[in-house]
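Asks: Before I ask anything, let me first share the structure, which is written out below as structure tokens.
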Amino acid sequence: MKLQQLRYIWEVAQHGLNVTHAAQSLHTSQPGISKQIRQLEDELGVEIFTRSGKHLTQVTAAGQPILQAAGEILQCVGNIRSMAREFSEPHKGSLAIATTHTQCRYVLPPVIQQFIKKFPEVRLHMHQGTPVQISELAANGTADFAIATEALASYSGLIMMPCYRWNRAILLPKSHPLTQVSTLTIEKLSEYPLVTYTFGFTGRSKLDEAFALAGLNPRVVFTASDADVIKTYVRLGLGVGIVATMAFDPAADSDLVAIDASHLFEPSVTRIGFRRGTYLRSYMFDFIEMFAPQLEKTLVQEAAACPTAAALDALFADITLPDQQQG
């Protein structure tokens, strides 16, 4: 059994059993991967993948625990390399962050600027996607950190730490009737077509919960994952915009009116997560603290040692989270 063979089966699994895509990712040949997988299966005496002709169709019952173990072994190998580099090149390395458009566009820029200034020789990689995609990227080791509001809680293999609370703003053209309402209610808001985030993005679940609790069925006429796109269609008069408060820029969006909606919706919590068992380099601890100052190194280490989600929740139960306003 070779480490390379374990890497091959892991990458194939991560690429949806597409050997060609796995080969491209590994900068090797498709026949070479297929041959090595066959040799590993022959050595183990079991099939890891079932096949239909030349195509892999699914992971076998025996293959599932083998793949899990392969992932753990590869993570350990990566940790050993990271440990060595921590001593040989403490200020060099790479950092991959998976996050949403809202975080990338409105929250992370000053953090990234501060990080680059302190660690100019660390290569940064940014992956944008849905919260589910973001969580998967961290869970399979493609990204070092996942930063998102939704979906992280469903991944038991991630250590998820709360960073800050945030709420929403209602965006309107200056001529809109709601700008004249003294106290905006959710009932009044539901009378107008809405433009907001796609379900699963940027705290959308809290929005849906609020309308459902009031027994209302809002008319969501347009959704997008990008707050800038939402603002564009608000300007076109398509509907009333609902975005994260930090996505409103008073200077760039001076043609719009923003109404605080924190009295209408429960706050959401943005979290940062990393794969359980990951060896964190010193600059990774620094990045976490730059993003969420309350997450000091010792607290992060305590979080990483929590064996269960319940233990993690208990650790942060008495910590007051800061409120994120405008970016």
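The values are calculated or read from the model by the stated rules, or taken from the named source; none is laboratory data. Owing to the predicted nature of the structure, the values given are computational and were not obtained by experimental measurement. Every residue, glycine as well, gets a Cβ built from its backbone with ideal geometry; the counts of neighbours run over all protein chains shown. The protein model used for the area step is the full one, side chains on, heavy atoms only, and it has no ligands, DNA or RNA in it. Shrake-Rupley method; radii C 1.70, N 1.55, O 1.52, S 1.80 Å.
Asks: Within region 204-219, work out how many residues are assigned to a loop (DSSP other than H, G, I, E, B) and buried (at least 18 other Cβ atoms within 10 Å of the Cβ).
Replies: Here the count works out to 1.
Asks: So, one more: Tell me, please, whether a residue that is without any contact (Cβ under 8 Å) to a residue 40 or more places away in the chain, open to solvent by 10 Å² or more (accessible area, probe 1.4 Å), more than 23 Å from residue 91 (Cα to Cα) and assigned to a helix (DSSP H, G or I) can be found in region 231-241.
Replies: yes
Asks: While we're here: Take the residues in region 256-286 that are open to solvent by 20 Å² or more (accessible area, probe 1.4 Å) and in contact with a Pro (Cβ under 7 Å, 6 or more places away or on another chain), then tell me which one is farthest from residue 230 (Cα to Cα).
Replies: Of everything passing the filter in region 256-286, 282 is farthest from residue 230 (Cα to Cα).
Asks: Taking residue 146 as the residue in question, decide whether it is surrounded by 19 or more Cβ atoms within 10 Å (Cβ to Cβ), small (Gly, Ala, Ser) and in contact with a helix residue (DSSP H, G or I) (Cβ under 7 Å, 6 or more places away or on another chain).
Replies: For residue 146, the condition - surrounded by 19 or more Cβ atoms within 10 Å (Cβ to Cβ), small (Gly, Ala, Ser) and in contact with a helix residue (DSSP H, G or I) (Cβ under 7 Å, 6 or more places away or on another chain) - is met.
Asks: Also: What is the number of the single condition among (1) more than 24 Å from the chain's Cα centre (by Cα); (2) touching a residue at least 12 places away in the same chain (Cβ under 8 Å); (3) open to solvent by 80 Å² or more (accessible area, probe 1.4 Å) that residue 56 does not meet?
Replies: (3)
Asks: Hey, does region 14-37 have a residue that's in a helix (DSSP H, G or I), in contact (Cβ under 8 Å) with a residue 40 or more places away in the chain and open to solvent by 40 Å² or more (accessible area, probe 1.4 Å)?
Replies: Scanning region 14-37, I find at least one residue that is in a helix (DSSP H, G or I), in contact (Cβ under 8 Å) with a residue 40 or more places away in the chain and open to solvent by 40 Å² or more (accessible area, probe 1.4 Å), so the answer is yes.
Asks: Would you pick out the residues in region 293-327 that are of a type in the set (A, V, I, L, M, F, W, C) and either in a helix (DSSP H, G or I) or modelled with pLDDT of 95 or more (or both)?
Replies: Listed by number, the residues that qualify are 295, 299, 300, 303, 304, 309, 310, 311, 312, 314, 315, 316.
Asks: Just one of the numbered conditions (1) over 11 Å from the mean Cα position of the chain (by Cα); (2) among the aliphatic types (A, V, I, L, M); (3) open to solvent by 30 Å² or more (accessible area, probe 1.4 Å) is not true of residue 137; which one?
Replies: Checking residue 137 against (1) over 11 Å from the mean Cα position of the chain (by Cα); (2) among the aliphatic types (A, V, I, L, M); (3) open to solvent by 30 Å² or more (accessible area, probe 1.4 Å), the one that fails is (1).
Asks: Here's a follow-up. Across region 163-183, which residue is farthest from residue 220 (Cα to Cα) among those that are surrounded by fewer than 19 Cβ atoms within 10 Å (Cβ to Cβ) and under 32 Å from the mean Cα position of the chain (by Cα)?
Replies: The residue in question is 165.
Asks: Looking at residue 93, is it of a type outside the set (A, V, I, L, M), at positive phi and surrounded by 12 or more Cβ atoms within 10 Å (Cβ to Cβ)?
Replies: yes
Asks: Kindly list the number of the only condition in (1) farther than 27 Å from residue 269 by Cβ; (2) charged (D, E, K, R); (3) surrounded by 20 or more Cβ atoms within 10 Å (Cβ to Cβ) that fails for residue 117.
Replies: (3)
Asks: Conditions first: (1) in a helix (DSSP H, G or I); (2) open to solvent by 80 Å² or more (accessible area, probe 1.4 Å); (3) farther than 30 Å from residue 252 by Cα. Residue 75 passes all but one, so which condition is the exception?
Replies: With respect to (1) in a helix (DSSP H, G or I); (2) open to solvent by 80 Å² or more (accessible area, probe 1.4 Å); (3) farther than 30 Å from residue 252 by Cα, residue 75 is out only on (2).
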